[in-house]
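**Student:** Handing you a structure now.
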Amino acid sequence: MTNRFDDEQKPFLFIDDIEKSPYKIANINLAELGRKELSTADDEMAGVMLLREIYTPKQPLKGVRLAECLHLTAQTGVMIETFRQLGAQIQWSSCNPLSTQDHVAAALVKTGIPTYAWKGETEEEKLWCIDQTIYFANGQPLNAILDDSCNLTRIIHEKYPHLTSMIYGSSEETTAGITKLRKLFKNNKLKIPVINVNDSVTKSKFDNNCGCGKSLIDGIKGATDVMIGGKIAVVIEYDNIFVSATGSTGLIRDEHMMEMRDMAILCNIGSGQTEIDVVWLKANAVKIESVKPQVDIYHSSSGRAIILPADGHVVNLSCAHGNPSFVMSNSFSNQILAQIQLFTKKGQYSVGIHNLPKTLDEEVALAHLDYLGVKLEKLTETQSIYLDLHPNRPFKPEYYRY
């Protein structure tokens, strides 16, 4: 692994065969710019900021050593700083080698948060960064996980199984991650409790639906500068723009790519590089033309070419800045409440995959109402009896599906 970084990041500790560094980022001199970006995100993340205000005096996460593996953006930076204010120790790596905002990483390091991420990591470097978050500076291992696509949880189970008994739980952000965790659980290989944040209503209805719809377009336009209007966008079909968006694997294959029109845009907003057969595309291209960072054109022997942004990684975070701050405030408010739930009720969650209680899902929604200028009326006694619901929440029964 090449060293492209300054001497201030040299190793200072050796634990469990890990050469521990205090941090590893691209450029600490970007910290001031990153702080401005974090301040802007603060203003839009009403729910996270309200939870910070409510829970900071209670310090519900004091004693938590939280390792997180998630896209490192300004929005995640706001969540990271909130966790620290709630009492947790934090270490951070990125789940995607192309999504890190280097100026945000610098700002976090400047405030003393060990961060191991930079835009353009190789797969080897990404795994090294995750390893760096396993043990903290005092030699103690993590006791909590916040994960995206089961990256950190998988490494813990495969490489550090002796630590699972010390971990009180994990919260998972994504559809792809929950799919992998269910498979682990089905095969009796999951060793820790997990809260499924992805399926909280206030996460999925905003992030998965509204947020991705906007940020996908941002990513495509940022990568290619094409006009979206007048184009047909499809999943596993044959036209202008092809987007895989399932969290599955093997969706867009050689037989599909061979039929695509010249200069079709092929991108992914689902999971990793598993949805598009990037390996086949690279092996069968007669020429690969890099037109800008994270955008390549693959020329085939037929004379046609395919534009592949972000090397098949998620385009909205690799070629743009991901979902809007307000959308991510909903997602990350769920993450904050999930970690509080797991730690303050440790021992009450069995090994397995659990949904966040509906009362907490509704707490996330309530945390955003003032920002939108919405006032919620309380159910009258007559309405409460008629609907068979408690006037103080939850407002929907457990069996209700939005």
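Taken together, the values in this text are just the output of simple stated rules run on the coordinates, not laboratory data. Fair warning: this is a prediction, and the values are worked out from it, not measured in the lab. Every residue, glycine among them, receives a Cβ derived from its backbone with ideal geometry; neighbour counts consider all protein chains shown.
**Student:** Please list, short to long, the whole-number percent of alpha-carbon pairs of segment 11-71 in consecutive 10 angstrom bins beginning at zero.
**Tutor:** Cα pair-distance distribution for segment 11-71, in percent: 15, 28, 38, 18, 1.
**Student:** While we're looking at this one, here's another question. Can you tell me what share of the DSSP beta bridges in segment 206-318 is antiparallel? A percent to the nearest 5 is fine. Kindly include the intermediate steps, with their values, before the conclusion.
**Tutor:** Numbers: 10 of 20 bridges.
So the antiparallel bridges in segment 206-318 amount to around 50 percent.
**Student:** Next up: Mean Kyte-Doolittle hydropathy of 0.0 or higher plus an axial Cα length of 18 Å or more: which whole DSSP H helices in the chain meet both? Could you put the intermediate results ahead of the total?
**Tutor:** Details: long enough: 31-44 (20 Å, -1.19); 325-344 (27 Å, 0.58).
Going by DSSP H runs, the hits are 325-344.
**Student:** Taking the highest mean first, how do the peptides 307-314, 213-220 order by number of other beta carbon atoms within 10 angstrom per residue?
**Tutor:** Working: 307-314: 24.2, 213-220: 20.2.
The peptides rank, most packed first, as 307-314, 213-220.
**Student:** Same structure, new question: Taking θ = phi - 60°, what integer Hz values does the Karplus form 6.51 cos²θ - 1.76 cosθ + 1.60 yield along segment 313-318, in sequence order, with x for Gly and Pro?
**Tutor:** 6, 4, 6, 5, 9, 8
**Student:** Over all directions, what mean area does the Cα convex hull of the chain project, stated in square nanometres?
**Tutor:** Details: hull surface 87.4 nm².
Over all viewing directions, the chain projects a mean Cα-hull area of 21.8 nm².
**Student:** If all Cα-Cα distances of segment 206-318 are sorted into 10 Å bins from 0 onward, what percent lands in each bin, rounded to whole numbers?
**Tutor:** It works out to 15, 52, 30, 3, 0, in whole percents.
**Student:** If contacts are Cα pairs under 8 angstrom and at least 6 residues apart, what is the relative contact order of the chain in percent? All intermediate terms of the calculation are to be shown ahead of the outcome.
**Tutor:** On the way: 800 pairs, mean separation 65.4, N = 402.
The normalised contact order for the chain reaches 16 percent.
**Student:** Rg and Dmax in Å for segment 251-402, alpha carbons only: what are they?
**Tutor:** Final numbers for Rg and Dmax: 23.9, 73 Å.
**Student:** Right, here's the next one. Which chymotrypsin sites (Phe, Trp or Tyr not before Pro) does segment 235-295 hold that lie in a coil by DSSP with at most 14 other beta carbons within 10 Å? It would help to have the intermediate numbers written out before the result.
**Tutor:** Numbers: sites: Y238, F242, W280; in loops: Y238.
For chymotrypsin sites (Phe, Trp or Tyr not before Pro) across segment 235-295 that sit outside H, G, I, E and B with at most 14 neighbouring Cβ atoms in 10 Å, the list reads Y238.
**Student:** If packing is taken as the average number of other Cβ atoms within 10 Å across a peptide's residues, how do 134-140, 98-104, 22-28 rank, most packed first?
**Tutor:** Numbers: 134-140: 15.3, 98-104: 24.7, 22-28: 20.1.
Final packing ranking: 98-104, 22-28, 134-140.
**Student:** Right, next: Report the normalised scattering of segment 1-154 as log10 I(q)/I(0) at q = 0.10, 0.13, 0.18 Å⁻¹, calculated by the Debye formula with identical scatterers on the alpha carbons.
**Tutor:** Scattering profile of segment 1-154, log10 relative to I(0): -0.32, -0.55, -1.09.
**Student:** Which order do the peptides 200-209, 364-373 take when ranked by the mean count of other beta-carbon atoms within 10 Å per residue, highest first?
**Tutor:** Numbers: 200-209: 21.0, 364-373: 16.3.
For the peptides 200-209, 364-373, the packing ranking is 200-209, 364-373.
**Student:** Could you run the Karplus curve 6.51 cos²θ - 1.76 cosθ + 1.60 with θ = phi - 60° over segment 374-388 and give me ³J(HN,Hα) per residue in whole Hz, x for Gly and Pro?
**Tutor:** With the stated coefficients, segment 374-388 comes to 9, 10, 9, 7, 8, 4, 6, 4, 5, 5, 4, 5, 4, 7, 6 Hz.
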